[in-house]
Amino acid sequence: MIAVDKQAAGKARDGVGGRNLDTLAAVVRKAVREQPVWDFHTHLYPATFGTPFSGSAKGADPAGLMLWGVDELLTYHYLVAEVYRVVPARSLPYDAFWRMSKREQADHIWKHLFLERSPISEACRGVLTTLERLGLDPADRDLDGYRRWFAAQDPDAYIDRVMEIANVSRITMTNAVFDDNERQRWLSRPQVADDSRFAGVLRFDPILRDWPAAAKRLTEWGYPAGESLDVKSVESGKRFLRDWIDRVKAIYCAVSLPPEWRYEGEDDQRIGSQVMRRIVLPVFAERDLPFAMMIGSRLRVNPELRDGGDMVGLADVQSVVRLCREFPNNRFFCTMLARENQHELAVAARKFGNLMVFGCWWFVNNPSLIDEITRMRVELLGTSFIPQHSDARVLDQLIYKWDHSRELIANVLVDKYADIAATGWTPSEEEIRRDVRLFFHQNMEDFLGD
Ligand code: FIX
Ligand code: ZN
């Protein structure tokens, strides 16, 4: 038991210091630092999916899906959007930027966001944290020096190195099977993802975002389906999901949905709601697989920025509530992109045990908002949520995404444990480690129902 004298804790909290609270804080920070995390959502791939940058290995694959190294870090779509704030398109037309090599794009971003302005945005700071944690010195500001270091790394071994530094136990992929490049890699090499470091997730956005277009593709792929949801189309849709759940060995299935997405209930005859009710949720209930909904991304408001051109919009939590109520045999993971949706979503999770809130997604994955959202969720949900996912698109990003989030989550937990310690209820180190394991691993594993 950590000896925290109630009075000292009370006094300490009132700001007159308290050696005991320091002890408690040290135990919490150690527990958070040492707990391996099962990363709930990333866009990462093993080297078997090919890599445009082969480092010390042979055989770079320009269309490869494993992204890593300093040039990928610098050309992250967050930074592409940021550089177009300081070098507008009239100075560098978008197509000219996209015609540049990855290295030239990285040079452009390094010059304008790191050298000519202080790299204080979260995405810029992330590059520096990653370099520093890899043992490179950001003070050198020597991009070519950093490149030489990365060029000496073997991609497959480097995955282990990054997972070790970030203390990530398992990486959950996002297998976007409507993406031709990815789908072909699965079809041409079924064991392409046989790598225990990575877990598969079936991502199938078009089926819920645009059924008519999805039905055309399903038909091309041997799943005859029409715009109207006749019995044959429903069966095809279900067969498609079952086949790909098996192919990617999905631990859950996921979509992102626009802010306008609505589910009005069992009488809602709009095509998207019918697809949800008649194809998607029945298959997931049958396969006992949770369904992750990432809601609030308005895609390509500036298509010239490609992945950097998406933005946020206010979404409807009541549609999630209706699904949880109407489908009690389905389990739902949910994260929302808009800051303004976070409170209502956390309250909704208090009402439905089949709803698990996760992560500070994308535009709320910033220190001030991670703190706000995590603090509110602990106050409303205790230890029964998944505080974060990395959403890493570049392998090395695991390092900074978790480094920054662990610190912020620890800050919240230190305050929350101090509050209960002030009452005399002092958690033991084991209890703190148990709670931290819930946040970083067990809640996910339990909700997956493994
Ligand atoms: O829909 C998603 O999974 C989003 O996370 C991505 O599409 C987005 O581009 C991203 O990288 C956010 O961090
Ligand atoms: Zn994502």
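Could you check region 21-47 and list, in sequence order, the residues that are within 21 Å of the chain's Cα centre (by Cα) and either more than 18 Å from Arg433 (Cβ to Cβ) or open to solvent by 40 Å² or more (accessible area, probe 1.4 Å) (or both)?
Result: Arg33, Glu34, Pro36, Asp39, Phe40, His41, Thr42, His43, Leu44, Tyr45, Pro46, Ala47.
If you check Gly145 against the conditions, is it in a helix (DSSP H, G or I), open to solvent by less than 30 Å² (accessible area, probe 1.4 Å) and free of Cβ contacts under 8 Å to residues at least 12 places away in the same chain? Reasoning before the result, please.
Values: in a helix (DSSP H, G or I): yes; open to solvent by less than 30 Å² (accessible area, probe 1.4 Å): yes; free of Cβ contacts under 8 Å to residues at least 12 places away in the same chain: yes.
So Gly145 passes the test.
Quick one: would you say Leu381 is among the aliphatic types (A, V, I, L, M), open to solvent by less than 40 Å² (accessible area, probe 1.4 Å) and touching a Gly at 6+ places or on another chain (Cβ under 8 Å)? Even if it seems obvious, please write down each step before you answer.
On the way: among the aliphatic types (A, V, I, L, M): yes; open to solvent by less than 40 Å² (accessible area, probe 1.4 Å): yes; touching a Gly at 6+ places or on another chain (Cβ under 8 Å): no.
No; evaluated as a whole, the condition is false for this residue.
Which of the residues belonging to region 288-327 are more than 16 Å from ligand 1 (Cβ to nearest atom), in contact with a Lys or Arg (Cβ under 9 Å, 6 or more places away or on another chain) and open to solvent by 80 Å² or more (accessible area, probe 1.4 Å)?
Asp288, Arg325
Could you please let me know if Phe333 is under 24 Å from Thr23 (Cα atoms) and under 14 Å from the mean Cα position of the chain (by Cα)?
no
Considering only region 71-88, how many residues are part of a loop (DSSP other than H, G, I, E, B) and open to solvent by less than 30 Å² (accessible area, probe 1.4 Å)? So that I can check it myself, show each step before the final result.
Here is the first cut: in region 71-88, the residues part of a loop (DSSP other than H, G, I, E, B) are 75-76, 87-88.
When the remaining residues are screened for being open to solvent by less than 30 Å² (accessible area, probe 1.4 Å), the result is 75-76, 87.
The qualifying residues number 3.
Please go through region 401-438 and pick out each residue that is within 20 Å of His41 (Cα to Cα) and open to solvent by less than 10 Å² (accessible area, probe 1.4 Å). Walk me through it before giving the result.
Here is the first cut: in region 401-438, the ones within 20 Å of His41 (Cα to Cα) are 401-409, 436-438.
Of everything in region 401-438, those that are within 20 Å of His41 (Cα to Cα) and open to solvent by less than 10 Å² (accessible area, probe 1.4 Å) turn out to be Trp402, His404, Ser405, Ile409, Val436.
Confirm whether Ala139 is free of Cβ contacts under 8 Å to residues at least 12 places away in the same chain, within 16 Å of Val394 (Cα to Cα) and of a type in the set (A, V, I, L, M, F, W, C). Break it down into steps so the answer makes sense when it comes.
On the way: free of Cβ contacts under 8 Å to residues at least 12 places away in the same chain: yes; within 16 Å of Val394 (Cα to Cα): no; of a type in the set (A, V, I, L, M, F, W, C): yes.
Against the criterion (free of Cβ contacts under 8 Å to residues at least 12 places away in the same chain, within 16 Å of Val394 (Cα to Cα) and of a type in the set (A, V, I, L, M, F, W, C)), Ala139 does not qualify.
Looking for whichever is closer than 30 Å to His404 by Cβ and among the hydrophobic types (A, V, I, L, M, F, W, C) here; the options are Val192, Val201. Which one fits? Talk me through it step by step, then tell me what you get.
Numbers: Val192 fails: closer than 30 Å to His404 by Cβ.
Only one candidate passes the filter, namely Val201.
Tell me which of these Gln191 doesn't satisfy, since it passes every other one: (1) closer than 16 Å to Pro46 by Cβ; (2) in a loop (DSSP other than H, G, I, E, B); (3) open to solvent by 10 Å² or more (accessible area, probe 1.4 Å); (4) touching a residue at least 12 places away in the same chain (Cβ under 8 Å).
(4)
Picking from Phe352, Phe363, which residue would you name as being within 16 Å of ligand 2 (Cβ to nearest atom) and either open to solvent by less than 40 Å² (accessible area, probe 1.4 Å) or of a type outside the set (Gly, Ala, Ser) (or both)?
Phe363
Any chance region 173-181 includes a residue that's open to solvent by 10 Å² or more (accessible area, probe 1.4 Å) and touching an Asp or Glu at 6+ places or on another chain (Cβ under 9 Å)? Please lay out each step first, then the result.
We begin by selecting, within region 173-181, every residue open to solvent by 10 Å² or more (accessible area, probe 1.4 Å); these are 176, 178-181.
Keeping just the survivors that are touching an Asp or Glu at 6+ places or on another chain (Cβ under 9 Å) gives 176, 178.
Yes, region 173-181 contains a residue that is open to solvent by 10 Å² or more (accessible area, probe 1.4 Å) and touching an Asp or Glu at 6+ places or on another chain (Cβ under 9 Å).
With (1) within 16 Å of ligand 1 (Cβ to nearest atom); (2) at pLDDT below 95 as the list, and Lys401 as the residue in question, which single condition is left unmet?
All conditions pass for Lys401, except number (2).
Just checking, how many residues over region 206-239 are in contact (Cβ under 8 Å) with a residue 24 or more places away in the chain, in a helix (DSSP H, G or I) and open to solvent by less than 60 Å² (accessible area, probe 1.4 Å)?
Result for region 206-239: 9.
For region 439-447, state whether one or more residues are at pLDDT 95 or above, buried (at least 16 other Cβ atoms within 10 Å of the Cβ) and in contact with a Lys or Arg (Cβ under 7 Å, 6 or more places away or on another chain).
yes
Within region 405-425, does at least one residue satisfy the condition of being modelled with pLDDT of 95 or more, in contact with a helix residue (DSSP H, G or I) (Cβ under 7 Å, 6 or more places away or on another chain), under 30 Å from Glu72 (Cα atoms) and of a type in the set (S, T, N, Q)?
Yes.
Within region 295-322, how many residues turn out to be within 15 Å of ligand 2 (Cβ to nearest atom), in a loop (DSSP other than H, G, I, E, B) and among the hydrophobic types (A, V, I, L, M, F, W, C)?
So the answer is 1.
Looking at region 26-54, I want the residues that are touching a residue at least 12 places away in the same chain (Cβ under 8 Å) and in a helix (DSSP H, G or I) and have a partner that is of a type outside the set (D, E, K, R) and within 16 Å of ligand 1 (Cβ to nearest atom) with Cβ atoms under 7 Å, at least 6 apart or on another chain. Which pairs are those?
Here the result reads Ala47/Met66; Phe49/Leu65; Phe49/Met66, each pair linking region 26-54 to a residue that is of a type outside the set (D, E, K, R) and within 16 Å of ligand 1 (Cβ to nearest atom).
The values are calculated or read from the model by the stated rules, or taken from the named source; none is laboratory data. In this text the structure is predicted, and so the values were computed from the model without any measurement. Neighbour counts are summed over all protein chains in view; Cβ atoms, including those assigned to glycine, are modelled from backbone coordinates with ideal geometry. In case anyone asks, the SASA skips ligands and DNA or RNA and just uses the protein heavy atoms, side chains included. Shrake-Rupley method; radii C 1.70, N 1.55, O 1.52, S 1.80 Å.
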